[in-house]
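Peer 1: Have a look at the structure that comes next, please.
The values are calculated or read from the model by the stated rules, or taken from the named source; none is laboratory data. All figures in this text were calculated on a predicted structure; none of them were measured in a lab. As a convention, Cβ positions derive from the backbone with ideal geometry for all residues, glycine included, and neighbour counts pool all protein chains shown.
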Amino acid sequence: MEFTAVYKMPDSLSKKPFTYCPGCHHGIVHRLVAEVIDELGIREKTIIVAPVGCSVFAYEFFNTDGTVAPHGRATAVATGMKRARPDLVVFTYQGDGDLAAIGTAETIHTANRGERVTTIFINNAIYGMTGGQMAPTTLLGMKTTTSPYGRSPEREGYPVHMCEILKELKGVAFLARTKVTTPKDVLTTKKYIKKAFLAQTKDIGYGLVEVLSTCPTNWGMPPIKAMQWLEQNMVVEYPLGVFVDKVGEEK
Amino acid sequence: MRRAYIEIDVERCKGCGLCINACPQRIIRFSDKFNSKGYHPAEQYDPDEKCPGCGFCYMMCPDTCITVFKAVQPVR
């Protein structure tokens, strides 16, 4: 009997083991981005701009060129790269502390200018690398190391919904929010990531995919329970779906 | 006749259990052995040859340590 590998590690991933915690969804999203790069055949001309956060070493895991931007400035660095070399495909991979806190201005203005870059936004409602501090996306009542009694709207304000903010801007070509807790969601997310890259390669505008992700270590739960917590709490606060789609269906 | 099987890179595996949760046939389990990081890696236990090669474990694996092999000729 002869067997053939139908699912295997994509070529766009280097063989380096990921440095993320067990059960962290970063690895799934890394793999999906690598698969999309493989399918579009753009590995030789792709640049990743890694953020500051857990995924600061993301350029090590992708078999592409890459750089690291100062905290929050990944889209600004990507803008410079894309304007200097319009033939390249530039994408940023950012967390919620990077994109929604310190990098809010850069994100909003990159989207508003309609820069031909793609952003993969991982929203896990907490600062992961620095040890579980409160992020702008932290849910109300959620306990973190800097909100030990739970986030209260009087003291810390309300969770920031980046997709709802960005969808009003004219320069955005693709905008979606998704999760990766089941195989079905993984396939949907891959479709969205591909569209966000096509928004760039077809010269339509800015593409952003927000992926709701777990952080089992800082949430203090086992990985499976963290996924259930995400389904029960985060999806309620952050409704899933496609907000802007100027790319259209593939023929 | 077995239709498909998976191979798990035990040194990459961190024992998170997402593949065990995702497997519709319930044929993945934690190994009794340790890998060099000190985790119990996942292993396939498939004595009835139930694995259809659906790839759910591969899709949910956060460390890309699963490779799914399928038979070239479909078995009747």
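For every residue, the table says whether it meets (1) farther than 22 Å from residue A:110 by Cβ; (2) of a type in the set (Gly, Ala, Ser).
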| site | (1), (2) |
| --- | --- |
| A:29 | no, no |
| A:33 | no, no |
| A:36 | no, no |
| A:40 | no, no |
| A:43 | yes, no |
| A:50 | no, yes |
| A:62 | no, no |
| A:70 | no, no |
| A:73 | no, no |
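Peer 1: Would you mind telling me which numbered condition in (1) over 30 Å from residue A:228 (Cβ atoms); (2) crowded, with 24+ Cβ neighbours inside 10 Å; (3) not hydrophobic (A, V, I, L, M, F, W, C) residue A:43 fails?
Peer 2: Tallying (1) over 30 Å from residue A:228 (Cβ atoms); (2) crowded, with 24+ Cβ neighbours inside 10 Å; (3) not hydrophobic (A, V, I, L, M, F, W, C), residue A:43 fails exactly one: (2).
Peer 1: Hey, does the range A:31-39 have a residue that's part of a helix (DSSP H, G or I), surrounded by fewer than 17 Cβ atoms within 10 Å (Cβ to Cβ) and either in contact with a helix residue (DSSP H, G or I) (Cβ under 9 Å, 6 or more places away or on another chain) or not acidic (Asp, Glu) (or both)?
Peer 2: Yes: one or more hits.
Peer 1: For residue B:14, state whether it is within 11 Å of another protein chain (Cβ to nearest Cβ), assigned to a loop (DSSP other than H, G, I, E, B) and among the basic types (Lys, Arg).
Peer 2: Spelling it out, residue B:14 is indeed within 11 Å of another protein chain (Cβ to nearest Cβ), assigned to a loop (DSSP other than H, G, I, E, B) and among the basic types (Lys, Arg).
Peer 1: Would you point out the residue of the range B:56-76, among those that are surrounded by fewer than 18 Cβ atoms within 10 Å (Cβ to Cβ) and in a loop (DSSP other than H, G, I, E, B), that is farthest from the other protein chains (Cβ to nearest Cβ)?
Peer 2: B:76
Peer 1: Scanning the range A:174-188 for residues that are assigned to a helix (DSSP H, G or I) and either acidic (Asp, Glu) or within 10 Å of another protein chain (Cβ to nearest Cβ) (or both), which turns out nearest to residue B:22 (Cα to Cα)?
Peer 2: A:183
One line per residue, one yes/no per condition, for (1) at pLDDT 95 or above; (2) within 8 Å of chain B (Cβ to nearest Cβ):
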| position | (1), (2) |
| --- | --- |
| A:8 | no, yes |
| A:23 | no, yes |
| A:36 | yes, no |
| A:56 | no, no |
| A:60 | no, no |
| A:71 | no, no |
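Yes/no per residue for (1) surrounded by 22 or more Cβ atoms within 10 Å (Cβ to Cβ); (2) under 25 Å from residue A:105 (Cβ atoms); (3) at pLDDT below 95:
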{"residue": "A:143", "(1), (2), (3)": "no, no, yes"}
{"residue": "A:147", "(1), (2), (3)": "no, yes, yes"}
{"residue": "A:157", "(1), (2), (3)": "no, yes, yes"}
{"residue": "A:167", "(1), (2), (3)": "no, yes, yes"}
{"residue": "A:200", "(1), (2), (3)": "yes, yes, yes"}
{"residue": "A:208", "(1), (2), (3)": "yes, yes, no"}
{"residue": "A:211", "(1), (2), (3)": "yes, yes, no"}
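Peer 1: Moving on. Test residue B:29 against the criterion of being of a type outside the set (Asp, Glu), part of a strand (DSSP E or B) and either facing chain A (nearest Cβ under 7 Å) or touching an Asp or Glu at 6+ places or on another chain (Cβ under 9 Å) (or both), and give yes or no.
Peer 2: Yes: the conditions hold for residue B:29.
Peer 1: While we're here: Taking the residues in the range A:10-19 that are within 7 Å of chain B (Cβ to nearest Cβ) and in a loop (DSSP other than H, G, I, E, B) as candidates, determine which candidate is surrounded by the fewest Cβ atoms within 10 Å (Cβ to Cβ).
Peer 2: The selected residue is A:17.
Peer 1: Do we find a residue being within 23 Å of residue A:234 (Cα to Cα) and assigned to a strand (DSSP E or B) anywhere in the range A:74-93?
Peer 2: yes
Peer 1: Okay, moving on. So, in the range A:105-136, how many residues would count as being touching a residue at least 60 places away in the same chain (Cβ under 8 Å), closer than 22 Å to residue A:54 by Cβ and assigned to a loop (DSSP other than H, G, I, E, B)?
Peer 2: Of the residues in that region, 8 qualify.
Peer 1: Scanning for something within 9 Å of chain A (Cβ to nearest Cβ) and assigned to a loop (DSSP other than H, G, I, E, B), does the range B:39-49 turn up at least one residue?
Peer 2: Yes, the range B:39-49 has at least one match.
Peer 1: Could you please find all residues in the range A:189-238 being within 16 Å of the chain's Cα centre (by Cα), over 12 Å from residue A:24 (Cα atoms) and not in a helix (DSSP H, G or I)?
Peer 2: Scanning the range A:189-238 gives A:206, A:207, A:208, A:209, A:210, A:211, A:238.
Peer 1: A follow-up question, please. Could you say which residue among A:125, A:105, A:100 is more than 14 Å from every other protein chain (Cβ to nearest Cβ) and on the phi > 0 side of the Ramachandran plot?
Peer 2: A:125
Peer 1: OK, next. For the range A:175-189, which positions are out of contact with any Phe, Trp or Tyr (no Cβ under 7 Å at 6 or more places or on another chain) and either crowded, with 20+ Cβ neighbours inside 10 Å or among the aromatic types (Phe, Trp, Tyr) (or both)?
Peer 2: Within the range A:175-189, A:179, A:180, A:181, A:186, A:189 meet the criteria.
Peer 1: Take residue B:21 and decide whether it is more than 7 Å from chain A (Cβ to nearest Cβ), surrounded by 14 or more Cβ atoms within 10 Å (Cβ to Cβ) and out of contact with any Cys (no Cβ under 6 Å at 6 or more places or on another chain).
Peer 2: no
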